[in-house]
Amino acid sequence: MNDVSAKDACLVLHIVSKYPNVNRTSLNKILFFLDAGSFRKTGTRLADFGYTKMPFGPVPDGIRTVIRSLKRIGLLREEVVPEGPYAAYNYSVIPSAKLDMILQAATKIFTQEQLALIDDGLKGLRTKTASELSSISHDFDCWVEAEWNAPINIAEAASDPHLDAALATEPLVFDETGNFGLF
């Protein structure tokens, strides 16, 4: 895992251990929203990832390298699930002593405040579908204003009011125009 940030790998494992069978699109948005939420609350980021504007919302730069590395060393399972003409990629951790050791290392990599932000954020993020998470991310000004395949500024995302909707624990209520009723 030399080419992978230990911080990013640990963050992915921590999230997937708390959210088994999370799909790729949801994981990408969860990383983005949690990172932005941490930056808003503490002024520090959770991840070393940059984020890029892609069609389904922000994607962490290098996430596929992290996933491949975690799969290669036997810590992460990827399940490919056909969905019509497409496929969903779902991730789960593979229980082991090595996984336990890495998850324990999270308490040294992340502060208690950051771990609480992750766990509290997941409470709201887990209630939303990948489609809802993507829809929310498409409302962020930093995503709207970025060109395709261009970087997204996490500081701008942290100040966007749509972050509250992403992290909210109550279900989203969409009106007839497709907007949600938290604003």
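Among the criteria (1) of a type in the set (V, I, T); (2) farther than 24 Å from N149 by Cβ; (3) part of a helix (DSSP H, G or I), the one V81 does not fulfil is (3). Restricting the first member to the range 89-115 and to residues that are at negative phi, and the second to residues that are in a loop (DSSP other than H, G, I, E, B) and of a type in the set (F, W, Y), the beta-carbon pairs closer than 9 Å and six or more apart or on different chains are Y91/Y19.
Is it true that some residue in the range 12-22 is farther than 17 Å from I118 by Cα and surrounded by fewer than 23 Cβ atoms within 10 Å (Cβ to Cβ)? Yes - at least one qualifying residue is present in the range 12-22. From the list K123, K41, K98, the lone residue that is surrounded by fewer than 19 Cβ atoms within 10 Å (Cβ to Cβ) and within 28 Å of N149 (Cα to Cα) is K41.
Close contacts from the range 128-152, counting a first residue that is farther than 15 Å from G50 by Cα and a second that is at pLDDT 95 or above and among the aliphatic types (A, V, I, L, M), with Cβ to Cβ under 6 Å and a gap of 6+ residues or different chains, come to F140/A157. Which one of these is under 18 Å from A6 (Cα atoms) and over 14 Å from the mean Cα position of the chain (by Cα): A105, A47, A146, A87? A105 is the lone residue from the list that is under 18 Å from A6 (Cα atoms) and over 14 Å from the mean Cα position of the chain (by Cα).
Pairing residues of the range 1-12 that are farther than 18 Å from Q104 by Cβ and among the charged types (D, E, K, R) with residues that are at pLDDT 95 or above and surrounded by fewer than 18 Cβ atoms within 10 Å (Cβ to Cβ), at Cβ distances under 7 Å and at least 6 apart in sequence or on separate chains, gives D3/T65.
The values are calculated or read from the model by the stated rules, or taken from the named source; none is laboratory data. If you're wondering where the values come from, they're calculated on a predicted model, not measured in any experiment. Reconstructed Cβ throughout: ideal geometry from the backbone, glycine too, with neighbour counts over all protein chains shown.
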